[in-house]
Amino acid sequence: MICKKISIQTENSSSDAYLETYILEDFLDENPEWKRPLVLICPGGAYAMTSNREAEPVALQFNAMGYHAAVLRYSCAPAVYPAALHETALSVKYLRDHEQQWHIDPEKILIMGFSAGGHLAASYGVFWQEPHMAEAAGCTSEYLRPQGLILCYPVISSDEKIAHTESIRNLLGDSYEALKAKMSLENQVTGKVPKTFIWHTFEDATVPFWNSFRFVQALGEKKIPVEYHLYPQGIHGLSLATESVAHQDKSTVEEGCQSWMPLLKSWLMRNYGL
């Protein structure tokens, strides 16, 4: 496996923003032209930090199914929008630049996010074609096109009736009032958003499921294929919902939600294969 830590820096980035790779090598010794899909993972953390529980343990799940993975430790507060979004663009460019060396299928690069990282992933899905993204990454917009989104209990809306306001305020800083409407991503969906897999829990009291529900509704209105799973039980921040990534009090162990990863794997294989 190729495990590298690559500094990812753009204007206003935190000094510690970096991309960590989990790139599979040719363990089959059969096909010199083999290529595999890649999932770029954005952990959650309210745009204040990035969670370890939603980083390497998730990347290894994709490796186990034969996918490459990478984790973006994006800039958080006091860094503000669009630093993390531009870092995502730079990460996609870096991975595409290395597609031949690392056997990455350039037509199968997906962006995944948890909670606030879900907001970042969804932001990339709706804003990837905006001129400032290509300008920040130093490439064409088409080079930045994502082929899929995977959103896990994502922050989506800035509507204060359902928003996780802490995340949006951390993201925007002093520009909160000026930009909060733009950060309500359910209102930014166009036909250029890729197919999407989403899961959430009805009991999530931190980021209410209405966030993901509104995004699903917007995707449906634009006729973008989406698979949505809403579990009746489970608190916010479950990650894999297993013992292996549990909080000490075991509150994030939720057997009923552990099916999300097998369901995701099925969706990936149907849509992207190997």
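Observations
- Region 153-214-region 1-63 distance, computed between alpha-carbon centres (Å): 24 Å
- Partner lysines for Lys195 [C-alpha distance under 19 Å; skip if fewer than 8 residues away on the same chain]: Lys108, Lys222, Lys223, Lys265
- With N the number of residues in the chain, Rg(Cα) / (2.2 N^0.38 Å) evaluates to 0.93.
- Each peptide in 108-118, 167-177 receives the mean, over its residues, of other Cβ atoms within 10 Å, and ordering these scores from highest gives 108-118, 167-177.
- Convex hull (Cα only) mean projected area of region 209-274, reported in nm² to one decimal: 5.5 nm²
- The calculated Kirkwood hydrodynamic radius for region 88-221 is 15.3 Å, given to one decimal from all distinct C-alpha pairs.
- Ordering of 181-187, 41-47 by burial proxy (mean other Cβ atoms within 10 Å per residue, highest first): 41-47, 181-187
- Antiparallel DSSP beta bridges within the chain, as percent of all bridges there, nearest 5: 25 percent
- Carbon plus sulfur fraction of accessible area for the chain, probe 1.4 Å, in percent: 50 percent
- Excluding ligands, DNA and RNA, the accessible surface per residue across region 77-165 is 30 Å² with a 1.4 Å probe.
- Across q = 0.14 Å⁻¹, region 1-158 modelled as identical point scatterers on its alpha-carbon atoms has Debye log10 I(q)/I(0) values of -0.62, in the order of the q list.
The values are calculated or read from the model by the stated rules, or taken from the named source; none is laboratory data. Being a predicted model, the structure only gives us computed values, none of them experimental. Positions of Cβ are backbone-derived with ideal geometry, glycine not excepted, and every protein chain shown enters the neighbour counts. For the accessible areas, the whole protein counts, side chains as well, though only heavy atoms, and no ligand, DNA or RNA atoms are used. Shrake-Rupley method; radii C 1.70, N 1.55, O 1.52, S 1.80 Å.
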